[in-house]
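Colleague: I am attaching a structure below and will ask some questions about it afterwards.
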Amino acid sequence: MQPTLGYSEQVLEHFRNPQNTGELEDPDGTGEVGNPVCGDMMRITLKVDDESEIIQDIKFKTFGCGAAIASSSVLTELVKGKTIREALQITNQDVVDELGGLPSIKVHCSVLAEQAIVAALRDYYDQHPEKEIPPELAKKAQTREETEAQH
Ligand code: FES
């Protein structure tokens, strides 16, 4: 049996076969975040239908650890086809649950994935000043900026 280092089967499966990898052409929103402690980076591009605000497509590129890749893969699966407001209800804890858990020193990898989506959605609203930013997004974006400022 191969060593799993405390990773669930779901983590290993998403690491081996990540979903929604790559980059969308001409995206409606782009988010790029990094963790200054571990040096990992994540970039998310997404397409949004302006009328329904449904996230029609989403792709990620992760320069980082296996848990970060698995977290990005799961999170993109969870938000694809959802409205922005529905997507904002999804947290890194949902990602961890969907992955069947993460070792505690790897939970920050799921946080990075959530932050990347927040950054991409923030970028979408920056490009659409006529639209009102959902309060949930404004709150999450502010928390992200404060966390970044602490490093
Ligand atoms: Fe930093 Fe995984 S170790 S994102």
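Values in this text are rule-based calculations from the coordinates and carry no lab data. Since we're looking at a predicted model, the values are computed, not measured. Neighbour counts are summed over all protein chains in view; Cβ atoms, including those assigned to glycine, are modelled from backbone coordinates with ideal geometry.
Colleague: If you restrict to DSSP beta bridges whose two residues both lie in the chain, what percentage is antiparallel, to the nearest 5? Present the calculation step by step, with values, prior to reporting the outcome.
Modeller: On the way: 15 of 16 bridges.
Taking every DSSP beta bridge with both residues in the chain, the antiparallel ones total about 95 percent.
Colleague: How many lysine pairs are close in the range 9-150, with Cα atoms under 17 Å apart and the two 8 or more places apart or on different chains?
Modeller: Step by step, the pairs that qualify in the range 9-150 add up to 9.
Colleague: Give, as a single signed number, the net charge of other residues whose beta carbon lies under 15 Å from the beta carbon of residue 49, with Lys and Arg counted +1 and Asp and Glu -1. Before the final figure, lay out the partial values.
Modeller: Working: positive: 47, 80, 82, 85, 131; negative: 26, 28, 50, 51, 53, 57, 86.
So the environment of residue 49 carries a net charge of -2.
Colleague: Assigning unit charges at the beta carbon (Lys, Arg +1; Asp, Glu -1) and nothing else, what dipole magnitude in debye, to the nearest 20, does the chain show about its Cα centre?
Modeller: 540
Colleague: While we're on this one: Pairs of Cα atoms under 8 Å, at least six residues apart: use those to get the relative contact order of the range 9-150, whole percent.
Modeller: Numbers: 237 pairs, mean separation 37.5, N = 142.
Worked out over the range 9-150, it gives 26 percent.
Colleague: Here is a follow-up. Around residue 107, under 14 Å between beta carbons, what's the net of Lys plus Arg minus Asp minus Glu among the other residues? Provide the component values of the computation, followed by the final result.
Modeller: On the way: positive: 106; negative: 40, 94, 97, 98, 114.
Residues close to residue 107 contribute a combined charge of -4.
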